[in-house]
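Below: one structure, written as structure tokens.
Coordinate-derived values only; no laboratory data. Here the structure is a predicted model, which is why all the values come from computation and not from measurement. FYI the Cβ positions are ideal-geometry reconstructions off the backbone, even for glycines, and counts take in every protein chain you see.
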Amino acid sequence: MPPRPAIQWFSTGQGGSTSASRIAQNKANGDAAADAIAARYPGARREVDFQATSGVRRVDVWGSTTRVAIESKVGRTSLTAAVRQQVQRDVELMSQRVFSSVEWHFARSRVTGLQGPTKPLLDLLRSSGIIVR
């Protein structure tokens with residue numbers, strides 16, 4: 001029997017879509033959600049980078065006149081190491097007054113039907129002074 005390839009893609013059972021196409025669909029949904037948020041803020045810019053002590057923080061929507069940083073999440077979002085790092089950098093940049101405030105917006109996933117932060121993430125966002133929408 002020949003050796004298996006290092007990477008395998010499996011059908012999700014949803015019309016033959018693969019993991020790669022599902023990731024692409026999630027990215028497109030995320031971009032659409034962030035674009036819709038940006039459209040509500042005159043002069044807002046998309047995907048703007050800021051330097052924090054621990055590294056770069058890229059915000060999805062930057063309200064340059066209001067200095068509001070907005071993170072857009074689609075689907076159910078857990079408190080992973082990467083998400084925790086985003087929160088830590090948001091807090092740092094708020095404390096340095098680079099950001100006047102930070103908002104995290106959660107949209108329903110068209111793929112999974114899920115929406116919002118898990119309880120540990122919600123608790124961290126609230127205790128960090130981040131607005132949850």
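Of note:
- Those residues of the stretch 64-80 which are of a type in the set (Gly, Ala, Ser) and in a strand (DSSP E or B), in sequence order: Ala69, Ser72
- Residue satisfying condition, being surrounded by fewer than 16 Cβ atoms within 10 Å (Cβ to Cβ), in a helix (DSSP H, G or I), within 13 Å of the chain's Cα centre (by Cα) and acidic (Asp, Glu), within set Asp123, Asp31: Asp31
- Within the stretch 22-45, residues that are in contact (Cβ under 8 Å) with a residue 12 or more places away in the chain and within 9 Å of Val61 (Cβ to Cβ) reach partners that are of a type outside the set (Val, Ile, Thr) and assigned to a helix (DSSP H, G or I) with beta carbons closer than 7 Å, at six or more positions or on different chains, in the pairs Ala44/Ala38.
- Criterion: part of a loop (DSSP other than H, G, I, E, B) and either farther than 15 Å from Ala34 by Cβ or in contact with a helix residue (DSSP H, G or I) (Cβ under 6 Å, 6 or more places away or on another chain) (or both) - qualifying residue of Val61, Val98, Val56, Val87: Val98
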